[in-house]
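K.L.:
A single structure is presented below for examination.
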Amino acid sequence: MRLFWSSSSSSLVLLVPLIVVVLVVSVVDPSHSWLASKLPWIDSPLLSSSSSSLLKSSVRYSSPPPQALHAREGITPEVQPVFSSFSVALSPSPLALHETQESPLPSPALPVFQNSTSLSSSSLPPTSAAAPLASRQAAQREDVNLDKVESRRKRRFSKLGQIEAALARARTAIRDASLYGNQTSIIDADYTPWGPIYRNPSKFHRSYIEMEKVFKIYVYKEGEPPLVHDGPCRSIYSTEGRFIHEMDKGNRFITKDPEEAHAFFLPFSIVKMVRFIYNRHRRDAGPIKRFVADYIDVVSKKYGYWERNLGADHFMVSCHDWGPMASTANSYLYHNSIRVLCNANTSEGFNPSKDAALPEINMRTDKLSRMIGGPSPSRRPILAFFAGGVHGPIRPVLLDQWKDKDNDVRVYEYLPKNLNYYDLMRKSKYCLCPSGYEVASPRIVEAIYLECVPVTISEGYVPPFSDVLNWNSFSVNVPLSEIGNLKKILMGISTRRYLTMHRRVKLVRRHFMVNSPPKRYDLFHMILHSVWLRRLNQRPGLGLQELDR
């Protein structure tokens, strides 16, 4: 008996650790335990509700990522969704282990998968109604893509909001300058607009400063010369070509990021289209309109900024007479976009609230020295001068009334060879600038260059920069019906008034100067300022119907 007890004691000493190990293994993983076959309740889903609730309240579980489950448990991806459908994990935290030692409870029921690579619906527990992994991953990818699209949309609208906010701040600053005066004049040593040649010099100055601070333009890169990114720089249409050239060359207003642009430039040249694709024999302007329509179609589909405001923040520049006609190729270009045109004729659809007048300059060389300056008023013996061909409705009346009729009002159809055109302008107090077939005339800028007071004779013409410049302060306008009284009108202007206008012509000349590179307040910057003002006047999100009201 003692021997038996002795041997039993030694056996028990050996068995106790073994039993402890088996019990620990059973608790940790009952599916791999010998007790799983001996103690059916371990693997039974029929746990009491009180035990289940007590288990949940006493044990804290943390869910490892799926790949960690695969690596640690040696299971295949096919069984992973089943584990992910449970709210409990296989490995409790250290604190949870400490708690389970004080109150041992049966482990939660987990299905046993042995030598299986796929699951049947019958083998899944009731709570495992999750979608297959591939479907869930596809849904997750779709959610991620939707989130990315929404994020891009928010960023884009946020950028547009920043643009409009900057324009709103500029409007406020300009309005305050108009009401209370411009405080920037103290620090702007380069040039400060002042005097009656401006409608509101403080307002213009502040607007110009805000333009320099804020305005960004994106130039579309599509197209090749000569129809796009090119233009005439030495002809009666030179302002069109020189502006395109300066925009392509780059300046402080150009941005390479269309997301931060306030305006978009369409850099095609109507003058070049007339030269290269217009069929003179058939007199068919259809190819010009088709090119303009195709160009807008390309950039609108590629970039998407055209549709944002239906072209209202886009602009074109054309000095050819057919510029307005070419813009009819796209109804949004005609009705919504900013058209900068030499042919600024209100009777042909020019809208001063959204369109801008472009000065017409007949540049024969790159140097303007021969066209700049003139003698004092006391050395100008001729009262008025004009020389030009007969075309349009106004010039025939002018020639009929004044050609070879008066030595003070010298009107020529063809200038005699012994006379110089520019010398006669320098000797004249007033230079007559009648419209031809179209309302624009290069004589207006030529007169300003040569310090000769311009006399416009036109109907429906909007002078360049007239939203800033007070043309009545330095020029004279004579209606068509008053051509017969031309000398009487000019003689009726007092000497003092004439001297004032002459002085103002010299002051306003800086705004019509062509410089390379451009200088502040010169022709290039005044054209940009005209676009800037019209962009400021736009309200975001307006469609074609709203703009047409």
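The values are calculated or read from the model by the stated rules, or taken from the named source; none is laboratory data. Owing to the predicted nature of the structure, the values given are computational and were not obtained by experimental measurement. Cβ: placed from backbone, ideal geometry, glycine included. Neighbour counts: every protein chain shown. In case anyone asks, the SASA skips ligands and DNA or RNA and just uses the protein heavy atoms, side chains included. Shrake-Rupley method; radii C 1.70, N 1.55, O 1.52, S 1.80 Å.
K.L.:
Any residue at all in segment 349-357 that's within 30 Å of Arg410 (Cα to Cα) and either open to solvent by less than 70 Å² (accessible area, probe 1.4 Å) or in a loop (DSSP other than H, G, I, E, B) (or both)?
P.N.:
Yes; the residues of segment 349-357 include at least one that is within 30 Å of Arg410 (Cα to Cα) and either open to solvent by less than 70 Å² (accessible area, probe 1.4 Å) or in a loop (DSSP other than H, G, I, E, B) (or both).
K.L.:
OK, next. So Asp400 passes all but one of these: (1) in contact (Cβ under 8 Å) with a residue 60 or more places away in the chain; (2) among the acidic types (Asp, Glu); (3) open to solvent by 50 Å² or more (accessible area, probe 1.4 Å). Which condition number does it fail?
P.N.:
(1)
K.L.:
Okay, moving on. Cβ-Cβ distance below 7 Å, separation of 6 or more or different chains: which pairs start in segment 198-211 with a residue that is within 18 Å of Arg504 (Cα to Cα) and in contact (Cβ under 8 Å) with a residue 24 or more places away in the chain and end on one that is of a type in the set (Val, Ile, Thr) and in a helix (DSSP H, G or I)?
P.N.:
His205/Thr184
K.L.:
Residue pairs, Cβ under 6 Å, 6 or more apart or interchain, first in segment 360-373 and under 16 Å from Phe243 (Cα atoms), second surrounded by fewer than 16 Cβ atoms within 10 Å (Cβ to Cβ). List them.
P.N.:
Met363/Arg234
This table checks each residue for (1) touching a residue at least 60 places away in the same chain (Cβ under 8 Å); (2) of a type outside the set (Asp, Glu); (3) closer than 19 Å to Tyr278 by Cα.
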{"site": "Phe291", "(1), (2), (3)": "yes, yes, yes"}
{"site": "Asp297", "(1), (2), (3)": "no, no, no"}
{"site": "Lys301", "(1), (2), (3)": "no, yes, no"}
{"site": "Ala312", "(1), (2), (3)": "yes, yes, no"}
{"site": "Val317", "(1), (2), (3)": "yes, yes, yes"}
{"site": "His320", "(1), (2), (3)": "yes, yes, yes"}
{"site": "Met325", "(1), (2), (3)": "no, yes, yes"}
{"site": "Asn330", "(1), (2), (3)": "no, yes, yes"}
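K.L.:
Within segment 447-467, how many residues are open to solvent by 10 Å² or more (accessible area, probe 1.4 Å) and not polar (S, T, N, Q)?
P.N.:
The total comes to 7.
K.L.:
Determine which member of the set Arg510, Arg534, Arg504 is over 21 Å from Val409 (Cα atoms), in contact with an Asp or Glu (Cβ under 9 Å, 6 or more places away or on another chain) and surrounded by fewer than 22 Cβ atoms within 10 Å (Cβ to Cβ).
P.N.:
One residue alone meets the criteria, Arg510.
Here's the yes/no breakdown for (1) open to solvent by 10 Å² or more (accessible area, probe 1.4 Å); (2) closer than 27 Å to Cys233 by Cβ; (3) in a helix (DSSP H, G or I):
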site	(1), (2), (3)
His281	yes, no, no
Tyr295	yes, yes, yes
Lys302	yes, no, yes
Glu307	yes, no, no
Phe315	no, yes, no
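K.L.:
Mind listing just one residue for me: the one in segment 321-348 that is over 25 Å from the mean Cα position of the chain (by Cα) and more than 24 Å from Leu469 (Cβ to Cβ) and, of those, least open to solvent (accessible area, probe 1.4 Å)?
P.N.:
The extreme case among them is Met325.
K.L.:
So, one more: Cβ-Cβ distance below 9 Å, separation of 6 or more or different chains: which pairs start in segment 261-274 with a residue that is polar (S, T, N, Q) and end on one that is crowded, with 24+ Cβ neighbours inside 10 Å and not in a strand (DSSP E or B)?
P.N.:
Ser269/Gly231; Ser269/Tyr237; Ser269/Glu240; Ser269/Ile244; Ser269/His320
K.L.:
When segment 358-377 is examined, which residues are found to be open to solvent by less than 20 Å² (accessible area, probe 1.4 Å), in contact with a helix residue (DSSP H, G or I) (Cβ under 6 Å, 6 or more places away or on another chain) and in a loop (DSSP other than H, G, I, E, B)?
P.N.:
Across segment 358-377, the qualifying residues are Leu358, Pro359, Ile361, Met363.
K.L.:
Residues in segment 168-176: is at least one in contact with a Lys or Arg (Cβ under 7 Å, 6 or more places away or on another chain) and buried (at least 22 other Cβ atoms within 10 Å of the Cβ)? Full working, then the answer.
P.N.:
Pass one, segment 168-176, residues in contact with a Lys or Arg (Cβ under 7 Å, 6 or more places away or on another chain): 173-174.
Now narrow it down to the ones that are buried (at least 22 other Cβ atoms within 10 Å of the Cβ): 174.
Scanning segment 168-176 turns up at least one residue that is in contact with a Lys or Arg (Cβ under 7 Å, 6 or more places away or on another chain) and buried (at least 22 other Cβ atoms within 10 Å of the Cβ).
K.L.:
When only residues in segment 239-261 that are assigned to a loop (DSSP other than H, G, I, E, B) and polar (S, T, N, Q) count, which is modelled with the highest pLDDT?
P.N.:
Ranking the qualifying residues of segment 239-261, first place goes to Thr255.
K.L.:
Separate question: Quick check on this structure: which one of Leu383, Leu432, Leu398, Leu419 is part of a helix (DSSP H, G or I) and more than 26 Å from Val317 (Cβ to Cβ)?
P.N.:
Values: Leu383 fails: part of a helix (DSSP H, G or I); Leu432 fails: part of a helix (DSSP H, G or I); Leu419 fails: part of a helix (DSSP H, G or I).
Exactly one of Leu383, Leu432, Leu398, Leu419 is part of a helix (DSSP H, G or I) and more than 26 Å from Val317 (Cβ to Cβ), namely Leu398.
K.L.:
Which condition from (1) touching a Gly at 6+ places or on another chain (Cβ under 7 Å); (2) open to solvent by less than 20 Å² (accessible area, probe 1.4 Å); (3) over 25 Å from Arg242 (Cα atoms); (4) of a type in the set (D, E, K, R) is the one that Arg426 breaks?
P.N.:
Unmet condition: (2).
K.L.:
Could you please let me know if Leu533 is modelled with pLDDT under 95 and among the hydrophobic types (A, V, I, L, M, F, W, C)?
P.N.:
Criteria not met by Leu533.
K.L.:
Among the residues of segment 476-520, count how many are of a type in the set (Gly, Ala, Ser), part of a helix (DSSP H, G or I) and over 48 Å from the mean Cα position of the chain (by Cα).
P.N.:
Of the residues in segment 476-520, 1 are of a type in the set (Gly, Ala, Ser), part of a helix (DSSP H, G or I) and over 48 Å from the mean Cα position of the chain (by Cα).
K.L.:
Here is a further query. If you take the residues in segment 295-310 that are touching a helix residue (DSSP H, G or I) at 6+ places or on another chain (Cβ under 9 Å) and among the hydrophobic types (A, V, I, L, M, F, W, C), which one is farthest from Tyr220 (Cα to Cα)?
P.N.:
So, considering only residues that are touching a helix residue (DSSP H, G or I) at 6+ places or on another chain (Cβ under 9 Å) and among the hydrophobic types (A, V, I, L, M, F, W, C), the one farthest from Tyr220 (Cα to Cα) is Leu310.
K.L.:
Now for a different question. Starting from segment 468-481, take each residue that is closer than 17 Å to Ala357 by Cβ and among the aromatic types (Phe, Trp, Tyr) and list its partners that are open to solvent by less than 20 Å² (accessible area, probe 1.4 Å) and in a helix (DSSP H, G or I), counting only C-beta distances under 8 angstrom and pairs at least six apart or across chains.
P.N.:
Phe474/Met501; Phe474/Val505; Phe474/Val508
K.L.:
Does segment 220-238 contain at least one residue that is outside any loop (DSSP other than H, G, I, E, B) and exposed (fewer than 15 other Cβ atoms within 10 Å of the Cβ)?
P.N.:
The initial filter retains those residues of segment 220-238 that are outside any loop (DSSP other than H, G, I, E, B), namely 228, 238.
Next, only the ones that are exposed (fewer than 15 other Cβ atoms within 10 Å of the Cβ) stay: none.
Scanning segment 220-238 turns up no residue that is outside any loop (DSSP other than H, G, I, E, B) and exposed (fewer than 15 other Cβ atoms within 10 Å of the Cβ).
K.L.:
Show the residue pairs that are 6+ apart or on different chains and have beta-carbon atoms under 8 Å apart, the first residue being within segment 439-463 and under 16 Å from Val390 (Cα atoms), the second being open to solvent by less than 20 Å² (accessible area, probe 1.4 Å) and of a type in the set (Phe, Trp, Tyr).
P.N.:
Arg443/Phe386
K.L.:
Starting from residues that are under 27 Å from Glu438 (Cβ atoms) and charged (D, E, K, R), keep the ones in segment 239-278 and report whichever is surrounded by the fewest Cβ atoms within 10 Å (Cβ to Cβ).
P.N.:
Arg275
K.L.:
So, one more: So which residues in segment 424-436 are more than 17 Å from Val476 (Cβ to Cβ) and modelled with pLDDT of 95 or more?
P.N.:
Leu424, Arg426, Lys427 - these are the residues of segment 424-436 that are more than 17 Å from Val476 (Cβ to Cβ) and modelled with pLDDT of 95 or more.
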